[in-house]
Amino acid sequence: MSLFLCPICGGKLEKGEKGYVCSAGHGFDLASEGYVHLLPANRKHSKLPGDDKNMVRARNRFLSGGYYEPLRDMLSALVLELAPEEPAILDSGCGEGWYTEGIYNALKNAGKTPCIAGIDISKEAVRLAAKRLNNAEFAVASAYHLPLADECADFILNCFSPLCVSEFLRLLKTDGCFIYVVPAPRHLWELKCAVYNSPYENERVRAEYEGFELIKTVTVDGNIALQDRQTISDLFTMTPYFWKTPKEGTARLEKLERLETEISFDIYIYRKIAEGA
């Protein structure tokens, strides 16, 4: 079963051996890695939108090293705690699929039957996600125009990605949840100290969204030790600091052969409330 809709007419897509097709005859080929492109040309703001190959590959190497395993384990546990037996899940801004894979495996190991889709606007990220997890479906698509049906999802994961609450409200079933992950105040503090003369803590998110109630907040803290320049560079490259850091800060970081830093993530779980409740 596919969770995706045709981005042209909004009809349900059926997945075949070589691609997807809707009842109106619009077809979308599967790439060799197994993903599909569902981002219409008029919704692209550049030739290759989203994170570029350099950032995507750096993040893929870093995450594959397991440094953020405490976060993935917690996300998997939270979904497992709340999921029905056959949950429909969207990973919105799925990146390389590392978190998607962890959640899928946790659900399968618990005897549940998940139907999981992931979208990202970065073609390179989706390509790697499809290679990582062939038991889910992945598409190049916009988080602001999600190609999925109304009230089709039990869960939506949003991990360090653009947040479009109106689309989440449309897609989620009543009592369905979205999980929102953001950096906590001290996340990567020592990395920031290495590149900035006057670092400051991240602001803590405290948000309410119409149509949702906040049912749980969890903070995941830890420390990681990076033992080589490549891993330090990969972490730096996958963060917004890569674009914002002055040259002198980047130069200081490039000289480091080892870095120990805090990691800290805030996880917010919002439940869609019944209309009129």
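Read the figures in this text as sums done on the coordinates, not as results from a lab. Remember, predicted model here, so these are calculated numbers, not experimental data. With ideal geometry, Cβ positions are generated from the backbone for all residues, glycine too; neighbour counts draw on all protein chains shown.
A few points about this structure:
- Taking the chain and dividing mean pair separation by its residue count, relative contact order in percent (alpha carbons under 8 Å, at least six apart): 19 percent
- For the chain, a crude dipole built from +1 on the beta carbon of Lys and Arg and -1 on the beta carbon of Asp and Glu, taken about the Cα centre, is about 800 debye to the nearest 20.
- About the centre of its Cα atoms, the range 142-277 shows a dipole size close to 380 debye [charges on the beta carbon of Lys, Arg (+1) and Asp, Glu (-1) only; nearest 20 debye].
- Sparse packing (at most 16 other Cβ atoms within 10 Å of the Cβ) combined with a DSSP loop state is found for the following GluC sites (Glu not before Pro) in the range 128-170: Glu151.
- Positive-end ranking of Gly11, Tyr104, Asn60 along the dipole of the chain, with charges on Cβ about the Cα centre, is headed by Asn60.
- Distant-in-sequence amide contacts of Leu30, defined by a placed amide H-H separation under 5 Å and a gap of 5 or more residues or a different chain, comprise Gly19, Tyr20.
- Helix 98-109 and the longest principal axis of the C-alpha atoms of the chain enclose an angle of approximately 60°.
- Relative to the longest principal axis of the Cα atoms of the chain, the long axis of helix 123-132 makes an angle of roughly 80 degrees.
- Selection from Leu253, Leu133, Leu75 lying farthest towards where the dipole of the chain points positive, charges on Cβ: Leu253
- Fully extending the segment from Lys247 to Arg204, taken as 0.36 nm per residue of separation minus the present Cα-Cα distance, adds 12.7 nm.
- Computed from phi, the 3J(HN,Hα) profile of the range 177-193 under the Karplus parametrisation 6.51, -1.76, 1.60 (θ = phi - 60°) reads 10, 10, 10, 10, 10, 9, x, 7, x, 9, 4, 6, 4, 5, 5, 5, 5 Hz, with x in place of Gly and Pro.
- Across the range 141-151, rounded Karplus estimates of 3J(HN,Hα) from the backbone phi angles (6.51 cos²θ - 1.76 cosθ + 1.60, θ = phi - 60°) give 7, 8, 5, 8, 9, 6, x, 9, 7, 4, 6 Hz, Gly and Pro being marked x.
- Hz values of 3J(HN,Hα) by residue in the range 19-29 - Karplus curve (6.51, -1.76, 1.60), Gly and Pro given as x: x, 10, 8, 9, 5, 7, x, 6, x, 9, 6
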